Structure formats: structure tokens, C-alpha cells
Amino acid sequence: MGIDWEVAKVWLVVLALIAFNAPIAVAAWKFRNVSGLGQILQEKDAAGEDTGAISYSRVTGLIGAVVVASLFWIMSNVAIAIAIVNPDDLPDILNGVTKLFFVGAALFLPYAFNQLKSLVQ
């Protein structure tokens, strides 16, 4: 009676993904009641005071942060699973997703330009 390596790999993937995702789940649970998000997203005047208007660049920056973080999280799960099941495919997957990360980073451009504009003024 030998070890069924395919079954063992599946269990390794399951254990690795639980170990990777457990701290993320705990952090998400603790951050579920974050308050003050409306103030963070408000446009600021030259003195740093809230103007009462919602800042488009801050909203798109927040969305960009969520999208890029989610993509990184998902791809980390995929990379862990592939590294255990079929390690030879890992470089191709990681090289392919690099372009996607650069496209996701473009979601931060409005926020970056707004910050540059604030520095110049």
C-alpha cells in the first residue's frame, strides 16, 4: 500500500490555502465595522479641511486598491495551488498575470494626478 500522491497533493493544496487565507479572513472580520470612510473620501481644500464634496480621485483610488488587493489575493491562492500540484506551470502563470497587475495599477492614476496637482498649487 503506497501513498496516492495525487490525493496527497490535493490535501497539501487545501492545507496551504487554509493557512494562507485564515489570517486574511480574520483581518476582514475585524475590519468589517470601519467607520469614517465618508470623511476619508471627501475632497480637501488647500488647508487640508474637508470641503463636503466626494473626491472622484479618492473613490477611484479606493476602488483601485480593492481591485489590486483582490487580484493579488486570488493570484496568490492560484500560485500556492499550482506550486504544489504542477510547479512547472508556475512561471508561465506569474508572467501572464504581471500585465494584468499593471493594468490594475492604472486605476490609481486619477488619485496620483490629483496629488501632483495639489503639490503644484
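Here are a few things to note about the model shown:
- Selection within the stretch 64-106: residues that are under 20 Å from GLU6 (Cβ atoms) and of a type in the set (S, T, N, Q). The member of this set that is nearest to the chain's Cα centre (by Cα) is ASN77.
- Flag if ILE80 is outside any loop (DSSP other than H, G, I, E, B), free of Cβ contacts under 8 Å to residues at least 40 places away in the same chain and more than 30 Å from LEU116 (Cα to Cα): no
We did not get these values from a lab; they are worked out from the coordinates using the rules stated. Since we're looking at a predicted model, the values are computed, not measured. Quick reminder, even Gly has a Cβ in these numbers, built from the backbone with ideal geometry, and neighbours come from all protein chains shown.
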